[in-house]
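Step one of this worksheet: look at the structure below.
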Amino acid sequence: MDAESADHLIRFRDRGYLDQPVESVATDRITAGFSPRTGGEDGEYAKTLAEAEGELPPILVHRPTMRVIDGAHRLRAAALRGETHIRVRYFDGERSEAELLAVAANVTHGRPLTAADRTAAAGRVFASHPRWSDRAVAAVTGLSARKISQLRKGTAAAETGHRVGRDGRARPVDPSRARELAGELLRSNPGASLRRIAAEAGLSPATVADVRDRIRRGEDPVPARRGDTAPADRRRAASPSSASPSSASPSSSSPSASSPAADPISLAARRGSAPRRPVADPQPAPDRLLRIFESLRRDPSLRLSESGRDVLRMLGACALVAQDREKIAASLPRHCKEPMAQLVQGYAGLWRLLADELACAEAAEAS
């Protein structure tokens, strides 16, 4: 499956499955076998779906095994309704792909996966695809890349020298080592082609070309990162006079960028101006808000009830604000902006109250 990319699954999950025809299949032919939920199915949620109005959306089934990839609760709801057939879309890939797709699909819609479900899913990805990068695993499991990096430590997946990104391309875990190897290969065989060196070092030809150019200029093959000290061979190449305090220029007595006196807060205070500290913005990015909205919009328990559809219509208006906030503000007539600001601030307060009530209700149900 490493030949396929995480993006391959994500594209199928988001849009590709819509290209598959919908078929009516007997419910007794289908089994729920790929669920990523460690706690099993939620009976109350299945009951809610069974009592909802309208036809249940098609479920996604792995054709070779006839196991549910996405829609186990809908299959259970159909049984509770006494229905003998259910609408199905098929996925024809490998079993390992179907298992990962089950995780990816349940991350974005329907009954949300718990943190424990996602953590367990990450462990299964490490076992089946140890070379996948942190971002690739994160895209499938719905966890952050930082969390995936923490979970990877101590597993066999941490030992791989190269990682396969979401795009399916393999890259070295530590590019500096690959650059050093490329430098050694170039020095030992100056006539070798860039492609040959790239293949042996696990780099792209463009990166090998950069290593070659750096060596020709007498520089280290590995560029120093911002804030890092210079590589050892460049420090040795530096002249002693350049490090001598007696040879420092008059301007060297001014505070350096790394000295406390050069701190922006200190400099501002010395100038008599108020310090300006960066303010962290707690507001989630618009694209994250839109992803959450899409997850709710696909939830059958909302789509199949009148009250749920009312909620989705309300959230749809908010999604427009997330997408076009600046355009909306710019297009308002001048005399409407102040009352609009007051109205939005009032609604924002009501939204905060609703958010607190929902969080308290969720905590009470979980306890």
>> For segment 344-360, which positions are modelled with pLDDT under 85 and open to solvent by less than 70 Å² (accessible area, probe 1.4 Å)?
In response: Gly346, Ala348, Gly349, Ala355, Ala359
>> Return the residues of segment 298-324 that are touching a residue at least 12 places away in the same chain (Cβ under 8 Å) and of a type in the set (D, E, K, R); say none if nothing qualifies.
In response: Arg298, Asp299, Arg303, Glu306
>> Looking at Arg67, Arg87 in this structure, which one is within 18 Å of Val22 (Cα to Cα), in contact with a Phe, Trp or Tyr (Cβ under 9 Å, 6 or more places away or on another chain) and modelled with pLDDT of 90 or more?
In response: Arg67
> In this structure, is His109 modelled with pLDDT under 85 and farther than 30 Å from Gly154 by Cα?
Replying inline: yes
> Which residues, counting only those in segment 152-204, are open to solvent by 70 Å² or more (accessible area, probe 1.4 Å), at pLDDT 80 or above and within 20 Å of Arg135 (Cβ to Cβ)?
Replying inline: Lys153
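Scan Ser273, Ser295, Ser266, Ser301 and give me the residue that is modelled with pLDDT under 80 and outside any helix (DSSP H, G or I).
Step by step, each of Ser273, Ser295, Ser266, Ser301 is checked, and only Ser273 is modelled with pLDDT under 80 and outside any helix (DSSP H, G or I).
Only one of Arg297, Arg313 is of a type outside the set (A, V, I, L, M, F, W, C), over 23 Å from the mean Cα position of the chain (by Cα), open to solvent by 90 Å² or more (accessible area, probe 1.4 Å) and within 30 Å of Thr48 (Cβ to Cβ). Can you tell me which?
On the way: Arg297 fails: over 23 Å from the mean Cα position of the chain (by Cα).
Being of a type outside the set (A, V, I, L, M, F, W, C), over 23 Å from the mean Cα position of the chain (by Cα), open to solvent by 90 Å² or more (accessible area, probe 1.4 Å) and within 30 Å of Thr48 (Cβ to Cβ) holds for just one of Arg297, Arg313, which is Arg313.
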>> I'd like the residue in segment 2-31 that is crowded, with 19+ Cβ neighbours inside 10 Å and assigned to a loop (DSSP other than H, G, I, E, B) and, out of all such residues, is modelled with the highest pLDDT.
In response: Ile30
> For segment 318-343, what are the residues that are closer than 18 Å to Leu289 by Cα and either modelled with pLDDT of 85 or more or open to solvent by less than 90 Å² (accessible area, probe 1.4 Å) (or both)?
Replying inline: Cys318, Ala319, Val321, Ala322, Asp324, Ile328
>> Restricting to segment 131-154, give me the number of residues that are in contact with an Asp or Glu (Cβ under 6 Å, 6 or more places away or on another chain) and among the β-branched types (Val, Ile, Thr).
In response: 1
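The values are calculated or read from the model by the stated rules, or taken from the named source; none is laboratory data. Please read all numbers here as calculations on a predicted model, not as lab measurements. Heads up, the Cβs are rebuilt from the backbone with ideal geometry, glycines too, and the neighbour counts pull from every protein chain shown. What goes into the accessible areas is simple: the full protein's heavy atoms, side chains included, and nothing from ligands, DNA or RNA. Shrake-Rupley method; radii C 1.70, N 1.55, O 1.52, S 1.80 Å.
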